[in-house]
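I have placed the structure first, in the form of C-alpha cells, so that the comments after it can refer back to it.
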Amino acid sequence: MSTKAEHATKLHENGCNCAQAVACSFCQEFGIDENEMFRIAEGFGLGMGVMEMCGALSGMAMIIGLSNSRGNTEEGSGSKGDTYKKLRTYIQKFKEKNGSCICRELKGVETGKVLCSCPQCITDAVALTEEYLAENR
C-alpha cells in the first residue's frame with residue numbers, strides 16, 4: 001500500500017468520507033490546504049449522499065480535474081472534454097476490478113453481496129489516481 005493510500009485509509013478511519021479521504025491525500029502535491037479540500041469534498045461522500053457514484057471515485061475525479069484542467073474561468077475550460085475522457089478511462093479500470101462504480105452496488109445494499117468495502121474502494125481510487133498522475137504529468 002502506498003503512503004498516500006495509507007494516509008487516505010487513516011483519514012477514513014478518523015471519520016472522513018471516501019471522497020474526502022482520496023482527495024485530501026493528494027493536497028500536498030497540489031498546494032491545497034487539506035482542511036479546505038475536506039470542506040470541498042464533504043458533499044461527495046456516500047455517493048453524493050444518495051449512494052450513486054462512489055465517493056472515492058468522486059475524490060479521484062477532483063484530483064484528475066486539478067491535474068488536467070487549464071483553470072481559466074474567463075476562457076472556459078478547453079480541457080474539460082479531455083478531462084472527462086481521462087476520467088472515464090480510470091472509472092472503467094475501477095469498474096473492471098470491482099464490478100461497479102455505484103456506491104449502493106459496491107456496498108450490496110439491494111443484493112446483500114458486498115462487491116468492495118469502503119477502505120478497498122479508497123485504496124483502489126488512490127492507486128488509480130497515482131497511476132494517472134504518473135502517466136500524465
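Looking at region 17-40 only, could you name the residues that are within 13 Å of the chain's Cα centre (by Cα) and either farther than 13 Å from Glu130 by Cα or outside any loop (DSSP other than H, G, I, E, B) (or both)? Steps first, answer last, please.
Here is the first cut: in region 17-40, the residues within 13 Å of the chain's Cα centre (by Cα) are 17-27, 37-38, 40.
Those that are within 13 Å of the chain's Cα centre (by Cα) and either farther than 13 Å from Glu130 by Cα or outside any loop (DSSP other than H, G, I, E, B) (or both): Asn17, Cys18, Ala19, Gln20, Ala21, Val22, Ala23, Cys24, Cys27, Met37, Phe38, Ile40.
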Among residues of region 17-35, those that are surrounded by 21 or more Cβ atoms within 10 Å (Cβ to Cβ) and not small (Gly, Ala, Ser), counted: 6
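With Lys86, Lys4, Lys10 as the choices, which residue is of a type outside the set (A, V, I, L, M) and within 21 Å of Lys107 (Cα to Cα)? Let's see the steps before the verdict.
Working: Lys86 fails: within 21 Å of Lys107 (Cα to Cα); Lys4 fails: within 21 Å of Lys107 (Cα to Cα).
Result: Lys10 is the single residue among Lys86, Lys4, Lys10 that is of a type outside the set (A, V, I, L, M) and within 21 Å of Lys107 (Cα to Cα).
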Per-region count, region 26-58, residues more than 24 Å from Arg104 (Cα to Cα) and either touching a Lys or Arg at 6+ places or on another chain (Cβ under 8 Å) or of a type in the set (A, V, I, L, M, F, W, C) (or both): 5
Cβ pairs under 7 Å, 6+ apart, first in region 41-52 and in a helix (DSSP H, G or I), second surrounded by 15 or more Cβ atoms within 10 Å (Cβ to Cβ) and among the charged types (D, E, K, R): Gly47/Arg104; Met51/Arg104
Some residue of region 106-120 being modelled with pLDDT of 95 or more, among the hydroxyl-bearing types (Ser, Thr, Tyr) and exposed (fewer than 14 other Cβ atoms within 10 Å of the Cβ): yes
Subset of region 1-16 that is of a type outside the set (Lys, Arg), in contact (Cβ under 8 Å) with a residue 60 or more places away in the chain and touching a Ser or Thr at 6+ places or on another chain (Cβ under 6 Å) - its residue that is surrounded by the most Cβ atoms within 10 Å (Cβ to Cβ): Ala8
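This table checks each residue for (1) within 19 Å of Arg137 (Cα to Cα); (2) modelled with pLDDT under 95; (3) surrounded by 15 or more Cβ atoms within 10 Å (Cβ to Cβ).
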{"position": "Met60", "(1), (2), (3)": "yes, no, yes"}
{"position": "Ile63", "(1), (2), (3)": "yes, no, yes"}
{"position": "Ser69", "(1), (2), (3)": "yes, yes, no"}
{"position": "Ser77", "(1), (2), (3)": "yes, yes, yes"}
{"position": "Leu87", "(1), (2), (3)": "yes, no, yes"}
{"position": "Gln92", "(1), (2), (3)": "no, no, no"}
{"position": "Gly99", "(1), (2), (3)": "no, no, no"}
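The values are calculated or read from the model by the stated rules, or taken from the named source; none is laboratory data. Just so it is clear, the model here is predicted, and its values are computed rather than measured. Using ideal geometry, Cβ is built from the backbone for each residue, glycine included, and neighbour counts are taken over all protein chains shown.
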